[in-house]
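The values are calculated or read from the model by the stated rules, or taken from the named source; none is laboratory data. Since the structure is predicted, the reported quantities are computational estimates derived from the model, not experimental observations. Neighbour counts run over all protein chains shown; Cβ positions are idealised from the backbone, glycine included. Protein only, heavy atoms only, side chains kept; ligands, DNA and RNA dropped before computing areas. Shrake-Rupley method; radii C 1.70, N 1.55, O 1.52, S 1.80 Å.
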Amino acid sequence: MRLQFLVVGVLIVLVTAGTLYASYDRVYSRAEDTSLTIARSVAVLPEVVDEVNRYSAMEDLDEKELSNGKLQQLANAILEQKQAYFVVITEDRGLRLSHPNPAEIGQMVSTDPVALDGIEAVSREHGTLGESVRAKVPIHGGSGQIIGEVSVGVTTQSLTGALLQSFSWIVLFALLAAGLATVAGRITVRRLKRQTLGLEPTEIAQLVRDQQAVLYGVTEGVMGIGVDRRITVRNKAARQLLGLPHRTELEDVVGRHFESAGLDRRLVKAIKERDPAPVRLEANGNSLVARVNEVNRDGLDLGQVVLLHDVTTIEALGTKLDAVQDMADALRAQRHEFANRMHAVLGLIDLGKIEQAEAYLREVMETGPKIAQVPGLEAIQDAYLSAFISAKAVRAHEQGIKLRVSSQSMLFGQIASAHDAQDATAVLGNLLRQRLYRGLAR
């Protein structure tokens, strides 16, 4: 903010200096114009022409007569009107016929009488009356010849007074402008402080850098929504998870209203209702959980932030874990069945019924576990799926449900690897679980 005040101060100084220079030049130009106008007016007066013509023909001038003559009286009359500081009339030899100082009458002029050469001149010169702005105009006789000149001037002291008066007003207006600029600057600063939450420009720049680092440094999706309900920011993860257009494309969602950004309707509803509960949705082939959070600072609503979590991998692992759990349950059931049969064999042996024990063991070895038998299982040639269905049959048997393979079932090919077997059994397990839980297995 100091820089802003410095800039304003420099501008005021420059404007003031320019105004002072313009005023200085204007005052001097006005003095030159006034001097030239008076000199021209005096040079064409008939009495002036007659008197100068008469004195220019004399060999010697009578200073006493000139001091009380018509030319001196005319010059004094002009001076009394305070239109000029001095009026000097000379004849063609450069001798003064009038002068504010009577002692100088009849003497040669102290400055160059350029008007005797037939030209008009305006200059700033130093004469017997000091520094002055003077205009010199030739006096022409009846036949057009030059018979003298009129020099009218304004001293620099009188100009200085006019300039000081102009300067005082200029300085006053400059001070008023500086005061207004200071007040306006402070009001602007306070308003900016409110809009930027009291942050300085360096802090805002650092905040932007931190925001970029956080947004693009996390693997979760982040999307910001402003108080005007428009999407203000989104990171790369959010774009990829939701399948949004890239920012280089014209249809980038940043700057658009969230309802027209092509988001899932459940997410749009959560944003509209400001619902902080997790939202389950499918987007771009991903399983996502979205959460909408309100953002407030010092009681000021800053909008909302949508956090997107990709649970695709977690759900896949959960499904595979369920399949493993099913296999474990099947093994547990088979172990329980095996233990029961071993108890039966052990009981027969303890009773000495060796022949019945041998017959029972042969029957078990020939038929296998009865509860694991699945009608139609021979249609499934793949070892992975056959074993998995057999294990599911044990689980179904425990729940009083009979599992069988339809005669219309067909399976072509074999599962190539254990990884593929996990995926296949996970899908099949989910389907069977839904049917088993409903008691609709066939």
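For residues that are assigned to a strand (DSSP E or B), modelled with pLDDT of 85 or more, farther than 20 Å from residue 72 by Cα and open to solvent by 30 Å² or more (accessible area, probe 1.4 Å), tally how many sit in the stretch 116-145.
Residues meeting the conditions: 1.
Would you mind finding the one in 289, 295, 268 that is in contact with a Lys or Arg (Cβ under 7 Å, 6 or more places away or on another chain) and not charged (D, E, K, R)?
That would be 289, the only listed residue that is in contact with a Lys or Arg (Cβ under 7 Å, 6 or more places away or on another chain) and not charged (D, E, K, R).
Can you say whether residue 92 is under 60 Å from the mean Cα position of the chain (by Cα), without any contact (Cβ under 8 Å) to a residue 60 or more places away in the chain and open to solvent by 50 Å² or more (accessible area, probe 1.4 Å), as far as the supplied structure shows?
No.
For the stretch 399-407, indicate whether the set of residues that are in contact with an Asp or Glu (Cβ under 7 Å, 6 or more places away or on another chain) and at pLDDT 70 or above is non-empty.
Within the stretch 399-407, not a single residue is in contact with an Asp or Glu (Cβ under 7 Å, 6 or more places away or on another chain) and at pLDDT 70 or above.
Taking residue 441 as the residue in question, decide whether it is open to solvent by less than 90 Å² (accessible area, probe 1.4 Å), modelled with pLDDT under 75 and not in a helix (DSSP H, G or I).
Here the answer is yes, as residue 441 does meet what is asked.
With respect to residue 288, is the statement that it is at pLDDT 80 or above, surrounded by 14 or more Cβ atoms within 10 Å (Cβ to Cβ), among the aliphatic types (A, V, I, L, M) and more than 28 Å from the chain's Cα centre (by Cα) true?
yes
Being at pLDDT 75 or above and surrounded by 11 or more Cβ atoms within 10 Å (Cβ to Cβ), is that true of even one residue in the stretch 322-336?
no
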